[in-house]
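Shown next, in structure tokens, is the structure this report addresses.
The values are calculated or read from the model by the stated rules, or taken from the named source; none is laboratory data. Bear in mind the structure is a predicted one, so any value in this text is a computation, not a measurement. Please note: Cβ atoms are built from the backbone with ideal geometry, for glycine as well, and neighbour counts cover all protein chains shown. Remember, those area values only see protein heavy atoms, side chains included, never the ligands or the DNA or RNA. Shrake-Rupley method; radii C 1.70, N 1.55, O 1.52, S 1.80 Å.
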Amino acid sequence: MFAFIIRRLWQMIPTMLGVMLLVFVLFNWVGGDPTFILEGKRLTPEMLANIRVQLGLDKSLPEQFLLFVKQVFTYDFGNSWATQQSVAGTLANRVGPSLTLAGSLLVLELLTALPIAVAVAYFRGTLTDRLVTMICTVAMSVSSLVYIIVGQYQLAFVMDWFPVMGWDDSSLATNLLVYLPLPLILGILVALAPSVRFYRSFVVEELNHDYVRTARAKGLPESRVLFKHVLRNALIPVVTNITMSLPFLMLGSMLLERFFGIPGMGNELLNAVDKSDFPVIKAITITIAAAAMVFNLLADVLYKWIDPRVQLK
């Protein structure tokens, strides 16, 4: 296991270099010259020339790429073009709200969707199974914007059960008890239907295997068959689904953050795109790429823990 982890960590280095090269090409060739973006702020030619020097745009492309590599490994992307504040400091302040929202949403969605999926799979082929599947299909067909807009209008504005938007930077308890309940409710409603159908399909597949019939033939209680044997073997796709979504915890739920005024990384990314704030966009892109590689490694380790027969390569 230790050798596998070391080998995967070494493999991350060329992968990250490839990501950096791709990001560099996209922002420098496809994205255009940043000075023309900043020129809209009525800067003088002398100021634009100084900006090109500060950004390293007066250097050759290989030198610019090496400068970008240095920025990535030191996590120093300079200052935001929009706010003139440190990019690293800005993102550090945005991680907390994003993790609070998306982390709570991930846990609650898993604790809700997985038991429902197991129960529906147990009653597979019955009217209950068909009814839940139909409801999930209809729910998946509705845009997440509809859930957010209707829920915010009805539950917050009309019925006044929750605040329409807000965030308290100094009190986690206030955020969890006052500002987050409505975004979490709406986020669960959006994520529940696809998760239930996804998890149900794998539980049903496991129920059709020979080892389940053998366990039942031995007289084991159905609850033990479901939760000790079936659910354990069905956990690999569940772990895959969760670990693939973990990197985006840092982005949070962008629409929820934007509509409810939560100052997370998703909201920051949307603001950066609106203002063509390249340093912030590049920093978030690299952060998500690095997180994806780390959580892919975590998924493989969890596979081995769930099923020791899994061969790690």
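Residues of the chain: accessible area per residue at 1.4 Å, in Å²? Kindly include the intermediate steps, with their values, before the conclusion.
Details: 17340 Å² over 313 residues.
In whole numbers, the chain has 55 Å² accessible per residue.
Based on Cα atoms of region 111-182, Rg over Rh with Rh as the Kirkwood radius reads 1.14.
With 34 Å as the cut-off, how large is the P(r) tail for the chain, expressed as percent of Cα-Cα pairs? Walk me through the numbers before you get to the answer.
Values: 19635 of 48828 pairs.
Roughly 40 percent, once rounded to a whole number.
Under the definition of Cα pairs under 8 Å and six or more residues apart, what whole-number percent is the relative contact order of the chain?
Values: 276 pairs, mean separation 79.7, N = 313.
Averaging sequence separation for qualifying contacts and normalising by length gives 25 percent for the chain.
How far is the Cα center of region 165-226 from the Cα center of region 84-136, in Å? Using only Cα atoms, the two centres lie 7 Å from each other.
Extension gain, ASN208 to VAL158, is 13.2 nm, computed as 0.36 nm per intervening residue step minus the present C-alpha separation.
Overall, the accessible surface of the chain at a probe of 1.4 angstrom is composed of carbon and sulfur to the extent of 67 percent. What you get for the chain, charging only the Cβ of Lys and Arg (+1) and of Asp and Glu (-1), is a dipole of about 1220 debye around the Cα centre.
Who wins for biggest fluctuation among ALA291, ALA92, ALA217 in a Gaussian network model of the chain, springs between alpha carbons below 10 Å? Among ALA291, ALA92, ALA217, the largest mean-square fluctuation in the Gaussian network model of the chain belongs to ALA217.
Each helix, a run of at least 4 DSSP H residues, gives -39500 (n - 2.57); summed and divided by the residues of the chain, these come to -22000 deg cm²/dmol at 222 nm. In this label model, MET244 and LEU21 are separated by 2.7 nm, measuring between points 7 Å along each Cα→Cβ vector.
Based on Cα contacts under 8 Å between residues 6+ apart, region 39-182 shows a relative contact order of 8 percent.
A 1.4 Å probe, protein heavy atoms only, puts the accessible area of THR174 near 40 Å².
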